[in-house]
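Notes for the one structure printed next.
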Amino acid sequence: MYGKLIMNDIRKSKLISITIAAFMTAAAVLTSAAGMLGINLFGAVDHLMEEAKAVHFLQMHSGDIDSQRLQIFADSQENVEAYQLARFLNVNGADIFIGENSLEESVQDNGFSTQNKDFDFLLDLNGDVIHPADGQVYVPLGYKKDGSAEVGDNLTVHGVSLKVAGFLRDSAMNPDLAGSKRFLVSENDFRDLETFGSMEYLIEFRLKDQAAFRAFQSDYFAAKLPANGPPVISRPLLIMMNAVTDGMMIAVLIMISILVIIVAFLCIRFTLLAKIEEDYREIGVLKAVGLPVKDIAKLYSAKYGAVAGAACILGFLFSLPLSAPLMENMRLYMGDSGRGAAAPLIGALGALLIFLVVMWYVKSILRRFRKIPTAQAVRFGAPTEKSKGAKGFRFSENRLFSRNVFLGVKDVLSRKKLYATMFAVLVISSFILIVPQNIYNTISARSFMTYMGIGENDFSIHLAQTQSTDVLQAAADISAALAADEKIERYTVLSGMVFSMPAKDGRMERLRVDLGDHNAFPVMYSQGGAPTTDSEIALSSLNAEELVKKPGDKLTLIVDGEEKHMTVCGIYSDITNAGKTAKASFETRNADLMRVVIPVELRDKTAAAETASKYQSRFPFATTAVADEYVRQTFGSTLDAIQKASYASAAVAVLLTILVTLLFMKMLVAKDRYSIAVLKSMGFTSGDIRRQYMARSVTVTALGIVVGVILANTLGEAAGGVLISSFGAATFSFAGNPWFAYLFSPLMIGMCAMVATVLGIWEIGRLKISRFIKEA
């Protein structure tokens, strides 16, 4: 019996059934895909960490090293499972040629390594440990993805020629955020290359108890072991850096799926209440003859159960091929997840969750059957709709609108609750369209540098100890050249140094501090501001969180052998260098200098690439990076992932707008058949009435778009902040494309709504006065 009733109801209301099924299918597709991508992502990261036997503690060091002291320390630590000292031959990008092109413009620290013996293995694309033959080189995957290298290419460094034999997965340096890239060669080739670069060391440990990482790190620093390099890299940080690119895409998909579910709920509520109103008298009769409310509700829930069940099954099936292209980046960088059987199960559970939530919502609406008065329903049918009217909006006082436009706007103001569904959907559509694109535009914008620990500039010059024997003298030479260059508007020199810092438990910790004028190129501060005196220090958000510090708190550093008491003046965002840095402006005679960064602003912004190239040629030991290119290379994979999500969100926004507007206008015309018949009997033509409905649609669409744009730039900004904060940004503001947010998006949503409105009100001309005037 239920099957026959369901099929008859679906045939009678095809558009309603198709629209609701479409939204449920979209929600199921997105939820299932996000679930499968999520489990595959975490599985792939774990699988890579296990296959490569990834490190638990990694300290990079440039300069002299005492391997015997390190071995003694490792032997004395009960928590050490394994220790090794790996070499990293840092070679200037301008000296590395792949084919005819050099890596001069690469912002990564490119270096050569040999395969490790015990752990931190470099793997091929099959997940096997690589053992290159003499004359072979395995290249980081990033250069395969951007097209810089292909298998069979020749790689040359100062006449040493190597054949690209393949590409490697690197658990420590896979992500663009890592800042360094390892090329794998044989021991013999490494010896041949050794004279063309500067040696750095990777001091690596695997721990028996990872929970004791902080204690082990404190012991390492207390022993005054080599630490002239970036902050220590831990296993959780490796996992985060490897997962963040695909993780952000998954987060955007989840956000979209939640909004689609909300739209589905709005449509279900609107259509179900309309159906209840239409069947009000019949419901009263069924209650009068003694049919239980539960059984009456089943007649309605059965249809939605059938539609939801079919839609969720369809959504799950669609999600299987959809998730494949979205996992390309994951498979390339991390390989198989090892969760092949579990992923479809998680996807199916996601679709089942959508089904259960929809059925719960339908049943919650149907509870109002209990409140329907039987006698009144049988005698009078559904209660007449109460129109509150639009106070102060009288036709006699109208001087602004034409007659039809006035009547359309007045109807919207009189029946606000009725139009709330369409309004809410247009708000959500605008939100879905704008927010992912704004996130993409923000990360790809030059201003995003302010979240990377360096202020906005036209190009920057980077110097490391591995690139020059005397970094400070090299920085002075570059500064002199910049000062004499009339094209330069301003610049500043920021020296990255490492200082010891007494912890509360008496142990010594290490803090990387960038010294210089931090007001010249300010970064993004969430609290306070840049240091202005030599006793002030600003902390990155992750450092502030770990050290439990806020502006006004005290902090002690060991500077030139003496304690220097500092006051925290600000908290800023830094999503590079493991997110753990600090900024100060004092001077020091003796500290571990890691690198120097010189941000530069030009008088002519268009000459950035040309000027950067000139300084790269003049100072080949340094690395110059044009701002836009620096951001692109650091976040290239992340940008690709978010762009894919933004394309999906645009398609969803268009689908939502067209289907819901079409459904709403058709149901509104059906609901207003009597009113339309009355208007026709008064002399209004079908064209007049269509213009009234167009006016209603334009009014609601305009309001929905305005509110949607506002929310996209407020709540959407907060949502984007949650994503970015996952890797070190304390504050976040959109740097979106105003043409897209304020012109293209509203036009796109508006055009979709207008096309759907025209289609939805087309049948007004076919309504006969004689037939529907009797419905009074």
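Kindly evaluate Ser319 against the criterion of being within 30 Å of Lys145 (Cα to Cα), modelled with pLDDT of 90 or more, in the same structural domain as Ala44 (by TED's automatic domain parsing) and not charged (D, E, K, R).
Judged against the criteria, Ser319 is a match.
More than 30 Å from Asn92 (Cβ to Cβ), not in a strand (DSSP E or B) and not charged (D, E, K, R) - does that describe any residue in segment 466-485?
Within segment 466-485, not a single residue is more than 30 Å from Asn92 (Cβ to Cβ), not in a strand (DSSP E or B) and not charged (D, E, K, R).
In segment 517-529, which residues are of a type outside the set (A, V, I, L, M, F, W, C) and either in a helix (DSSP H, G or I) or out of contact with any helix residue (DSSP H, G or I) (no Cβ under 8 Å at 6 or more places or on another chain) (or both)?
Hits for segment 517-529 are Asp517, His518, Asn519, Tyr525, Gln527, Gly528, Gly529.
Just for helices (runs of 4 or more DSSP H) wholly inside segment 345-444: which have at least 3 residues that are surrounded by 14 or more Cβ atoms within 10 Å (Cβ to Cβ), over 44 Å from the mean Cα position of the chain (by Cα) and modelled with pLDDT under 70?
374-380
Can you tell me which condition Thr657 does not meet? The list is (1) closer than 26 Å to Tyr333 by Cβ; (2) of a type in the set (Ser, Thr, Tyr); (3) touching a helix residue (DSSP H, G or I) at 6+ places or on another chain (Cβ under 7 Å), and all the others hold.
Single failed check for Thr657: (1).
Which of the residues spanning segment 99-124 are surrounded by fewer than 17 Cβ atoms within 10 Å (Cβ to Cβ) and either at positive phi or among the hydrophobic types (A, V, I, L, M, F, W, C) (or both)?
The answer is Gly99, and nothing else.
Across segment 530-567, what is the number of residues that are in contact (Cβ under 8 Å) with a residue 40 or more places away in the chain, in a loop (DSSP other than H, G, I, E, B) and buried (at least 17 other Cβ atoms within 10 Å of the Cβ)?
The total comes to 2.
Of everything in segment 103-118, what is under 24 Å from Val597 (Cβ atoms) and out of contact with any helix residue (DSSP H, G or I) (no Cβ under 6 Å at 6 or more places or on another chain)? Give them in sequence order.
Glu105, Gln108, Asp109, Gly111
Out of segment 110-129, which residues are part of a strand (DSSP E or B) and closer than 17 Å to Ile203 by Cα?
Across segment 110-129, the qualifying residues are Gly111, Phe112, Ser113.
Modelled with pLDDT of 80 or more, crowded, with 21+ Cβ neighbours inside 10 Å, assigned to a loop (DSSP other than H, G, I, E, B) and not acidic (Asp, Glu) - does that describe any residue in segment 756-773?
Taking every residue of segment 756-773 in turn, at least one turns out to be modelled with pLDDT of 80 or more, crowded, with 21+ Cβ neighbours inside 10 Å, assigned to a loop (DSSP other than H, G, I, E, B) and not acidic (Asp, Glu).
Would you confirm, using the coordinates I've provided, whether Gln692 is part of a helix (DSSP H, G or I), under 30 Å from Ala243 (Cα atoms) and assigned by TED's automatic domain parsing to the domain that holds Gly765?
no
Let me confirm something: among Gly720, Gly687, Gly704, which residue is surrounded by fewer than 19 Cβ atoms within 10 Å (Cβ to Cβ) and of a type outside the set (Asp, Glu)?
Gly687
Looking only at segment 462-473, count every residue that is touching a residue at least 40 places away in the same chain (Cβ under 8 Å) and either surrounded by fewer than 18 Cβ atoms within 10 Å (Cβ to Cβ) or in contact with a strand residue (DSSP E or B) (Cβ under 6 Å, 6 or more places away or on another chain) (or both) and tell me the total.
Residues in segment 462-473 being touching a residue at least 40 places away in the same chain (Cβ under 8 Å) and either surrounded by fewer than 18 Cβ atoms within 10 Å (Cβ to Cβ) or in contact with a strand residue (DSSP E or B) (Cβ under 6 Å, 6 or more places away or on another chain) (or both): 7 in total.
Would you mind stating whether Gly453 is on the phi > 0 side of the Ramachandran plot, modelled with pLDDT under 80 and surrounded by 21 or more Cβ atoms within 10 Å (Cβ to Cβ)?
Yes, satisfied.
Can you confirm whether Arg603 is of a type in the set (Lys, Arg), surrounded by fewer than 23 Cβ atoms within 10 Å (Cβ to Cβ) and either modelled with pLDDT of 90 or more or not assigned by TED's automatic domain parsing to the domain that holds Ser500 (or both)?
Against the criterion (of a type in the set (Lys, Arg), surrounded by fewer than 23 Cβ atoms within 10 Å (Cβ to Cβ) and either modelled with pLDDT of 90 or more or not assigned by TED's automatic domain parsing to the domain that holds Ser500 (or both)), Arg603 qualifies.
Given the structure, is Gln71 within 29 Å of Leu168 (Cβ to Cβ) and free of Cβ contacts under 8 Å to residues at least 24 places away in the same chain?
Yes; evaluated as a whole, the condition is true for this residue.
Can you give me the number of residues within segment 205-231 that are within 17 Å of Ala54 (Cα to Cα) and in contact with a Gly (Cβ under 8 Å, 6 or more places away or on another chain)?
The number of residues fulfilling the criteria is 0.
One residue is enough: does segment 68-84 have a residue meeting the conditions charged (D, E, K, R) and either part of a strand (DSSP E or B) or surrounded by 24 or more Cβ atoms within 10 Å (Cβ to Cβ) (or both)?
Looking through segment 68-84, at least one residue is charged (D, E, K, R) and either part of a strand (DSSP E or B) or surrounded by 24 or more Cβ atoms within 10 Å (Cβ to Cβ) (or both).
So which of Ala476, Ala481, Ala503 is under 24 Å from Val559 (Cβ atoms) and either touching a residue at least 60 places away in the same chain (Cβ under 8 Å) or under 37 Å from the mean Cα position of the chain (by Cα) (or both)?
When all the criteria are applied, what remains is Ala503.
In this structure, is Phe459 modelled with pLDDT of 85 or more, closer than 27 Å to Ser573 by Cβ and either surrounded by 21 or more Cβ atoms within 10 Å (Cβ to Cβ) or not assigned by TED's automatic domain parsing to the domain that holds Leu511 (or both)?
Judged against the criteria, Phe459 is a match.
Out of Leu286, Leu332, Leu259, report the one residue that is at pLDDT 85 or above and more than 21 Å from Ala651 (Cα to Cα).
Leu332
Residues to consider are Ala719, Ala670, Ala677, Ala753; find the one that is part of a helix (DSSP H, G or I), modelled with pLDDT of 85 or more and outside the structural domain of Leu237 (by TED's automatic domain parsing).
Unique residue meeting the criteria: Ala753.
Here is a yes/no grid of residues against (1) in contact (Cβ under 8 Å) with a residue 40 or more places away in the chain; (2) assigned to a helix (DSSP H, G or I); (3) crowded, with 21+ Cβ neighbours inside 10 Å:
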position	(1), (2), (3)
Asp246	yes, yes, yes
Met249	yes, yes, yes
Ala264	yes, yes, yes
Ile276	yes, yes, no
Asp295	no, yes, no
Lys303	yes, yes, yes
Gly315	yes, yes, yes
Asp336	yes, no, no
Arg339	yes, no, no
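Within segment 50-66, does at least one residue satisfy the condition of being part of a helix (DSSP H, G or I), of a type outside the set (Ser, Thr, Tyr), surrounded by 23 or more Cβ atoms within 10 Å (Cβ to Cβ) and out of contact with any Ser or Thr (no Cβ under 7 Å at 6 or more places or on another chain)?
No: segment 50-66 contains no residue that is part of a helix (DSSP H, G or I), of a type outside the set (Ser, Thr, Tyr), surrounded by 23 or more Cβ atoms within 10 Å (Cβ to Cβ) and out of contact with any Ser or Thr (no Cβ under 7 Å at 6 or more places or on another chain).
The values are calculated or read from the model by the stated rules, or taken from the named source; none is laboratory data. A quick note: this is a predicted structure, and the numbers were derived from the prediction, not measured. For neighbour counting, all protein chains shown are included, and Cβ atoms are generated from backbone atoms with ideal geometry for every residue, glycine included.
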